[in-house]
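Trainee: Please see the structure below; I have some questions.
The values are calculated or read from the model by the stated rules, or taken from the named source; none is laboratory data. In this text the structure is predicted, and so the values were computed from the model without any measurement. Cβ coordinates were reconstructed from backbone atoms using ideal geometry, including for glycine residues, and neighbour counts include every protein chain displayed.
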Amino acid sequence: MPDDCSTPPHDAAAIRWWRRALAEFIGTFFLVVVSAGSEVAAVLRPAGTDPLAVAAAPGLLVMAMIYSVGHVSGAHFNPVVTLAFAARRSFPARWAGLYLAAQVIAAASAALLLRQLFGRASPAAEAPGQRPIDSTAILAMEAVTTCLLLLVVLHTAHEHALVGTQAALAVGGAITACRLLGARLAATSMNPLSAWGSAITTGRPNPYWLHLSGPLLGGAVAFAAMTAMHPHRNEGEREAAAGTPAQR
């Protein structure tokens with residue numbers, strides 16, 4: 001197959017830009033609503049909230065959205081995913097700005113909705129004697145979990161001809177596993193916009209730059225590893241990244 005995947009396939013190009021933007025907006029909006037909303041619930045009603053449900057909810061949501069709108073936009077819902085696909089040239093760079101804008105607007109809209117519904121839910125104070133979480137641990141956890149997620153996303157896209165829409169199971173499972181791993185650190189957003197929405201609605205005390213630089217660092221490592229293992233793009237990866245009607 002040709003190595004140059006900078007030009008989108010005919011079916012992908014036929015999907016109008018506003019439909020792609022709308023799909024990314026919808027997916028990112030509901031991802032932030034579910035992710036930040038579950039954290040709000042944990043803050044407002046800590047005794048009645050299952051930590052496992054809080055960790056699993058975003059993964060299940062992403063899984064559902066990949067099945068529902070993945071054929072329209074490729075179901076990125078995360079600026080790190082968009083940048084990784086653009087860097088791989090399996091996704092046209094000229095679309096990256098559109099996707100990033102839709103994702104940012106969606107995250108802001110979701111956070112404002114949650115603030116309007118629940119106000120600003122301040123997290124509970126640390127228990128006496130509890131050791132504060134080190135910033136290095138937060139940065140490392142964000143980087144490691146994002147690296148894992150991006151490796152799953154990029155590899156399932158590369159094997160799209162075999163995996164198809166079942167990539168939703170792998171990606172949703174990876175998100176859930178990573179959030180369970182770092183649940184006690186509250187440091188596994190793997191998505192700067194999801195962390196931003198949570199910070200707005202829950203008053204998360206962690207410095208936001210950790211939730212921005214960590215995913216970017218992890219994404220860069222995943223991109224380098226993917227390039228070493230699979231230096232050439234293929235048609236399946238391009239279709240998975242850009243979204244095509246054939247994915248339905």
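Trainee: Would you confirm whether or not the range 193-203 contains a residue that is of a type in the set (S, T, N, Q), more than 17 Å from the chain's Cα centre (by Cα), under 30 Å from GLY119 (Cβ atoms) and assigned to a helix (DSSP H, G or I)?
Mentor: The answer is yes, given that some residue of the range 193-203 is of a type in the set (S, T, N, Q), more than 17 Å from the chain's Cα centre (by Cα), under 30 Å from GLY119 (Cβ atoms) and assigned to a helix (DSSP H, G or I).
Trainee: Tell me which residues, restricted to the range 22-39, are aliphatic (A, V, I, L, M), surrounded by fewer than 24 Cβ atoms within 10 Å (Cβ to Cβ) and either more than 15 Å from ALA107 (Cβ to Cβ) or at pLDDT 95 or above (or both).
Mentor: LEU22, ILE26
Trainee: If you don't mind, there's one more thing I want to ask. Please list, ordered by first then second residue, the pairs with beta carbon atoms under 6 Å, 6 or more apart or interchain, first in the range 99-121 and among the aromatic types (Phe, Trp, Tyr), second modelled with pLDDT of 95 or more and part of a helix (DSSP H, G or I).
Mentor: TYR99/GLU24; TYR99/THR82
Trainee: Only one of SER90, SER122 is modelled with pLDDT under 95 and either at positive phi or crowded, with 21+ Cβ neighbours inside 10 Å (or both); which? Lay out the reasoning, then the answer.
Mentor: Numbers: SER122 fails: either at positive phi or crowded, with 21+ Cβ neighbours inside 10 Å (or both).
Answer to the selection: SER90.
Trainee: Still on this model: Within the range 186-204, restricting attention to residues that are small (Gly, Ala, Ser) and at pLDDT below 80, which residue is nearest to ALA53 (Cα to Cα)? Spell out the reasoning first.
Mentor: Step one: of the range 186-204, the residues small (Gly, Ala, Ser) are 186-187, 189, 194-195, 197-199, 203.
The next check asks that each one be at pLDDT below 80; those that pass are 186-187, 203.
Values: ALA186: 14, ALA187: 16, GLY203: 20 Å.
Among them, the one singled out is ALA186.
Trainee: From the list ILE138, ILE133, exactly one residue is modelled with pLDDT under 95, within 24 Å of LEU212 (Cβ to Cβ), among the aliphatic types (A, V, I, L, M) and in contact with a Lys or Arg (Cβ under 9 Å, 6 or more places away or on another chain). Which is it?
Mentor: On inspection, the qualifying residue turns out to be ILE133.
Trainee: While we're looking at this one, here's another question. For the range 88-104, which residues satisfy the criterion of being within 22 Å of THR227 (Cβ to Cβ) and touching a helix residue (DSSP H, G or I) at 6+ places or on another chain (Cβ under 8 Å)?
Mentor: Within the range 88-104, the subset within 22 Å of THR227 (Cβ to Cβ) is 88-96, 99-100.
Scanning the range 88-104 gives ARG88, SER90, PHE91, PRO92, ALA93, TRP95, ALA96, TYR99, LEU100.
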